Amino acid sequence: MISVRHLTKEFKRVKRKEGFLSGVRNLFSAEYTIKRAVDDISFEVREGEIVGYIGPNGAGKSTSIKMLSGILVPTSGHLEVNGIVPYKDRKANARQIGAVFGQKTQLWWDVPVIESLRLLKDIYKVSDRQYKRNLEIFNDLLELDTFCQTPVRQLSLGQRMRADLAAALQHDPKILFLDEPTIGVDIVAKEKLRTFIREINREFKVTVLLTTHDMWDIEKLCSRMLIIDHGQVIYDGSVEQIRDTYGGSRTLVVELEEEVADFSVPRAELVKSEGRKKWFRFNRLEASPSDLITQIGGRYPIVDLTVEEPEIEQLVRSIYQGQGRRTEVM
Amino acid sequence: MDTLRIYLKLIGISMRSRLQYRADFVTGIISVIVLNAVNLTLIGILVNRFVHLNGWGLWEMVFLYSFWVMSHSLYSLLFWHFNTMEDHIVQGTFDQFLLRPIGTLVQFLGREIQYIGIGDVIVGATGLTLAYSHLHLDWGIYEYTWLVVSVLSGTLVETAIAWIISSLSFWTTRSMSAFFVMMRLNALTQQYPIDIFGTWFRVVVTGLIPVAFINYYPSLLLLGKTEQAGSWGWLGMMSPVVAVLLLGIALLVWNRALRRYSSTGS
């Protein structure tokens, strides 16, 4: 569905001169610095996938999305979206994609949501039947009817995002680009957005590429994630695989009946101790939680216990921080 | 045709957006009328003291001014927001025009409408009518046609200049200072016949930033003053040609600007 090969994007930035008439001198003999925002990226997205595209700020996520949606022309490399090269045929590409940028709305600020939708219907040449059918779906899944008569500027952030999703989907795009669709939205509204994205992916086979800083979006939505940093792909694989590869360790937290001195358990490491609570880290390939519980319980009565999974966010952070040379776990 | 239909729909939604702020709408129109009335009064005072300004009488000056206001009214109604292009570039809202399967220009132009242009239409039409009767003009179909053609040409000249300046902001990011230069030149040519200024100024407003084609040159022709203007007189017929040329240049610059945007995103 999406095919990206050796995609590179460089930006030329004028090096600002200092001192007398610097602005004027800049106009005539500008020196440039070249910044490589996207550096030889390759990946494929298959039809019907939801792929999380993540990385720290400035990693090149938005630049990639802008190239895929036809806003920017790449410096070199090849990209194709459902058989169309976006920068060569911007309008044809625009008809088959939908895009939501969490930071900016695509809707007309001062008029009710429904008017924006009607206008976009004309722009995308959506038929009356298709328009009505989609509106029903949006009313159903996004509760669009509860706020479609309200001007966009009066919507809450969550409502605005739902309105933007409706606007991006009413021409039945095959591919949906979501750039931080849950940014600034409260937990309940986030959950609604996620349910909706999952639903349209399942029901209408819409392929989704989404960037986010919220790892819950990834865990709840994505079958696969691409991590990029400094313009390069540093991880491409499933969410489970990242746990196996980078997060083999679990932590067993036990609360004992009474305070005891620190003790050790074979195949586990005591990492924290706080009164009656002890934290043991173990590798799940070497030890099983039930073994550890039996061993500890044999010595001291246990009041309460939990097994903590490593948070995906932590794993990703450890990948950002250099553990991740280019790893391909396909 | 499709593009025109979309443009009208876009304008429709911009109008409804504007109407959300009714008070702003009314004060905008009133203040434009007041501003123009003050300008005209100042011209009146000036000409009354000197009787003639380089051969231009009071009502000829009123004609010149109203002609400019008339041309400008359409520009300010439909194209005024060219000077907001820089905001779209700085804030990145220009991206959304590229996300939709229609042309970028029509989306940009359909983005806004400036009601204050209506104030200009009222002042321009009133001024021209008054001047017409005081100057005892007696036009036939030819002159009326030429009036319409040259008013529209004037609109297009101003629009093309604004379009070029706003396209330049794709390179410079900020274009407000260039717009100020245009407004200053405009202010001089709208109120005074440029033959009272020196040759260098006439060269600038004729050849470099040709705002003199908005009202001065067509007025020469319509007021029968081409003889008086001497070797500059023939330019009276040229404003449609200048308008088309400028629009051509603007289109070229605009296309280059778009290409630049798609490679830099800023």
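A few points about this structure:
- Scanning segment A:71-104 for residues that are among the small types (Gly, Ala, Ser), over 30 Å from A:Ile319 (Cα atoms) and under 20 Å from the mean Cα position of the chain (by Cα) yields a count of 1.
- Residues (within 11 Å of another protein chain (Cβ to nearest Cβ), surrounded by fewer than 21 Cβ atoms within 10 Å (Cβ to Cβ) and closer than 22 Å to A:Lys174 by Cβ) located in segment A:74-87: A:Tyr87
Yes/no matrix, rows are residues, columns are (1) within 29 Å of B:Thr264 (Cβ to Cβ); (2) open to solvent by less than 10 Å² (accessible area, probe 1.4 Å); (3) away from chain A (no Cβ under 14 Å):
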{"site": "B:Asn39", "(1), (2), (3)": "no, no, yes"}
{"site": "B:Arg49", "(1), (2), (3)": "no, no, yes"}
{"site": "B:His52", "(1), (2), (3)": "no, no, yes"}
{"site": "B:Gly55", "(1), (2), (3)": "no, no, yes"}
{"site": "B:Leu74", "(1), (2), (3)": "no, no, yes"}
{"site": "B:Trp80", "(1), (2), (3)": "yes, no, yes"}
{"site": "B:His88", "(1), (2), (3)": "yes, no, no"}
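- Restricting segment B:14-37 to residues that are over 20 Å from the mean Cα position of the chain (by Cα) and in contact (Cβ under 8 Å) with a residue 12 or more places away in the chain, the residue that is surrounded by the fewest Cβ atoms within 10 Å (Cβ to Cβ): B:Met15
- Residue match in segment A:279-300 (condition: open to solvent by 40 Å² or more (accessible area, probe 1.4 Å), at pLDDT below 85, under 30 Å from A:Ile34 (Cβ atoms) and not in a loop (DSSP other than H, G, I, E, B)): no
- Number of positions in segment A:115-149 that are surrounded by fewer than 16 Cβ atoms within 10 Å (Cβ to Cβ) and more than 11 Å from every other protein chain (Cβ to nearest Cβ): 13
- Number of the exception - A:Pro56 against (1) within 14 Å of chain B (Cβ to nearest Cβ); (2) surrounded by fewer than 17 Cβ atoms within 10 Å (Cβ to Cβ); (3) more than 14 Å from A:Ser3 (Cβ to Cβ): (1)
- Residues (in contact (Cβ under 8 Å) with a residue 24 or more places away in the chain and among the basic types (Lys, Arg)) located in segment A:268-307: A:Arg276, A:Lys277, A:Lys278, A:Arg281, A:Arg284, A:Arg299
- Single match in A:Gln170, A:Gln154 (criterion: in the same structural domain as A:Phe101 (by the TED database) and buried (at least 18 other Cβ atoms within 10 Å of the Cβ)): A:Gln170
- Of the set (1) aliphatic (A, V, I, L, M); (2) out of contact with any Gly (no Cβ under 7 Å at 6 or more places or on another chain); (3) under 22 Å from B:Arg18 (Cα atoms), all apply to B:Ile116 but (2).
- If you go through segment A:59-73 and pick out every residue that is within 11 Å of chain B (Cβ to nearest Cβ) and not hydrophobic (A, V, I, L, M, F, W, C), you end up with 5.
- Those helices (runs of 4 or more DSSP H) of segment B:167-266 in which at least 2 residues are under 18 Å from B:Met70 (Cα atoms), considering only elements entirely within it, cover B:176-191, B:216-222, B:239-264.
- Conditions (1) of a type in the set (A, V, I, L, M); (2) open to solvent by less than 20 Å² (accessible area, probe 1.4 Å); (3) touching a Gly at 6+ places or on another chain (Cβ under 8 Å): number failed by B:Leu221: (2)
- Among the residues of segment A:103-114, just one is surrounded by fewer than 18 Cβ atoms within 10 Å (Cβ to Cβ) and among the aromatic types (Phe, Trp, Tyr), namely A:Trp109.
- The criterion of being within 30 Å of B:Thr173 (Cα to Cα), open to solvent by less than 30 Å² (accessible area, probe 1.4 Å) and more than 16 Å from the chain's Cα centre (by Cα) holds for B:Phe94.
- Pairs meeting the criteria (first residue in segment A:88-114 and at the interface with another protein chain (Cβ under 8 Å from one of its Cβ atoms) and part of a loop (DSSP other than H, G, I, E, B), second residue surrounded by fewer than 24 Cβ atoms within 10 Å (Cβ to Cβ) and among the aromatic types (Phe, Trp, Tyr), beta carbons under 9 Å, at least 6 apart or on different chains) are A:Asp110/B:Tyr21.
- Of the residues A:Leu165, A:Leu178, the single one that is surrounded by 22 or more Cβ atoms within 10 Å (Cβ to Cβ), touching a residue at least 60 places away in the same chain (Cβ under 8 Å) and in a helix (DSSP H, G or I) is A:Leu165.
- The conditions of being more than 30 Å from A:Leu155 (Cβ to Cβ), open to solvent by 20 Å² or more (accessible area, probe 1.4 Å) and modelled with pLDDT of 85 or more are not met by A:Ser249.
Let's see how each residue does on (1) outside any helix (DSSP H, G or I); (2) touching a residue at least 60 places away in the same chain (Cβ under 8 Å); (3) within 30 Å of A:Phe11 (Cβ to Cβ):
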site	(1), (2), (3)
A:Lys192	no, no, no
A:Arg202	no, no, no
A:Leu209	yes, yes, yes
A:Asp236	yes, yes, yes
A:Arg250	yes, yes, no
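- Residues satisfying the criterion are absent from segment B:144-160 (criterion: at pLDDT below 90, under 18 Å from B:Trp68 (Cα atoms) and open to solvent by 10 Å² or more (accessible area, probe 1.4 Å)).
The values are calculated or read from the model by the stated rules, or taken from the named source; none is laboratory data. Just so it is clear, the model here is predicted, and its values are computed rather than measured. No Cβ is skipped: glycine too gets one built from the backbone with ideal geometry, and neighbour counts run over all protein chains shown. Just the protein is used for accessible areas: all its heavy atoms, side chains included, with ligands, DNA and RNA removed. Shrake-Rupley method; radii C 1.70, N 1.55, O 1.52, S 1.80 Å.
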